[in-house]
């Protein structure tokens with residue numbers, strides 16, 4: 001009986017050794033560290049980072065502007081024209097144009113525009129309403145000619161307009177089903193289409209060049225050179241080669257233990273945010289073979305809404321504020 005028990009123990013150890021992944025660091029090897037926390041009055045629902053400046057959407061507390069190097073809160077804007085800013089969930093800044101775009105459900109679910117030439121005293125300019133209810137994500141990109149292009153996703157529409165001292169007309173790219181995150185890169189747009197996978201569009205015409213099915217729900221996308229990284233809610237993330245945007249080819253997939261909501265990439269690094277799971281970091285120097293670096297869970301940084309990479313650091317929007325993370 002004793003011999004049988006010893007054999008069983010040895011057999012179990014062999015299984016564990018064979019199932020282990022020595023290429024993945026253990027928790028004790030994790031090099032992700034919280035460098036600082038920029039405290040916000042409300043939940044930090046979204047963020048935009050440009051150079052030393054962090055713009056934080058603070059839910060029912062409006063928005064703030066921080067200098068993350070000096071850890072200084074430059075301003076808090078919680079109302080305009082006497083009206084309280086409520087449910088501020090999306091924010092995007094352009095320092096080239098000294099403009100800040102803020103989405104709030106105050107009044108008529110509007111995209112608000114501010115002049116931020118003075119960070120300590122943002123000046124409200126105007127708002128864009130209509131076609132903005134139930135907004136999922138908003139991003140701004142330099143217009144190829146002049147001004148700023150503003151994109152946002154609602155229902156099955158990717159809406160867009162240009163601001164160049166005034167709004168241009170609003171237009172739409174129509175998708176077959178509901179959409180979430182998106183990324184604009186050159187003349188291509190990648191769009192996360194939930195259970196229908198993801199789409200690649202021509203930026204100018206809006207033509208759908210390809211539709212690619214994915215396991216789980218595609219919630220966010222990021223174009224990196226000739227590849228697109230897809231955040232899959234229940235299935236981790238996948239990477240596709242889009243050298244031919246009409247025929248994306250899967251080159252990598254990774255199922256993770258936590259639900260994945262957003263993705264960002266910069267300088268050969270990939271960060272994923274996972275609400276209760278915090279953030280994951282990968283090295284994508286070889287994009288077909290990402291290497292896991294580490295993670296920080298919500299117990300460390302708070303329930304996480306979004307994360308982005310900027311100048312070699314992770315910036316995470318969480319219920320505890322903006323977390324600045326080194327690695």
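The values are calculated or read from the model by the stated rules, or taken from the named source; none is laboratory data. Here the structure is a predicted model, which means the values were calculated and not measured. Virtual Cβ from ideal backbone geometry, glycine too; neighbours counted across all protein chains shown.
Which residue, of 158, 201, 194, is surrounded by fewer than 21 Cβ atoms within 10 Å (Cβ to Cβ), touching a residue at least 12 places away in the same chain (Cβ under 8 Å) and farther than 21 Å from residue 290 by Cα? Talk me through it step by step, then tell me what you get.
Details: 158 fails: surrounded by fewer than 21 Cβ atoms within 10 Å (Cβ to Cβ); 201 fails: surrounded by fewer than 21 Cβ atoms within 10 Å (Cβ to Cβ).
Being surrounded by fewer than 21 Cβ atoms within 10 Å (Cβ to Cβ), touching a residue at least 12 places away in the same chain (Cβ under 8 Å) and farther than 21 Å from residue 290 by Cα holds for just one of 158, 201, 194, which is 194.
Taken together, the residues in region 254-273 that are assigned to a loop (DSSP other than H, G, I, E, B) and within 17 Å of residue 228 (Cβ to Cβ) amount to 3. Would region 267-275 turn up any residue that is crowded, with 21+ Cβ neighbours inside 10 Å, touching a strand residue (DSSP E or B) at 6+ places or on another chain (Cβ under 8 Å) and free of Cβ contacts under 8 Å to residues at least 40 places away in the same chain? Among the residues of region 267-275, at least one is crowded, with 21+ Cβ neighbours inside 10 Å, touching a strand residue (DSSP E or B) at 6+ places or on another chain (Cβ under 8 Å) and free of Cβ contacts under 8 Å to residues at least 40 places away in the same chain, which makes the answer yes. The one condition from (1) more than 16 Å from residue 46 (Cβ to Cβ); (2) at pLDDT 95 or above; (3) part of a strand (DSSP E or B) that residue 126 does not meet is (2). For region 169-185, a residue qualifies if it is in contact (Cβ under 8 Å) with a residue 24 or more places away in the chain and within 20 Å of the chain's Cα centre (by Cα), and the qualifying residues are 179, 180, 181, 182, 183, 184, 185.
Among the residues of region 163-177, just one is crowded, with 17+ Cβ neighbours inside 10 Å and closer than 15 Å to residue 132 by Cα, namely 173.
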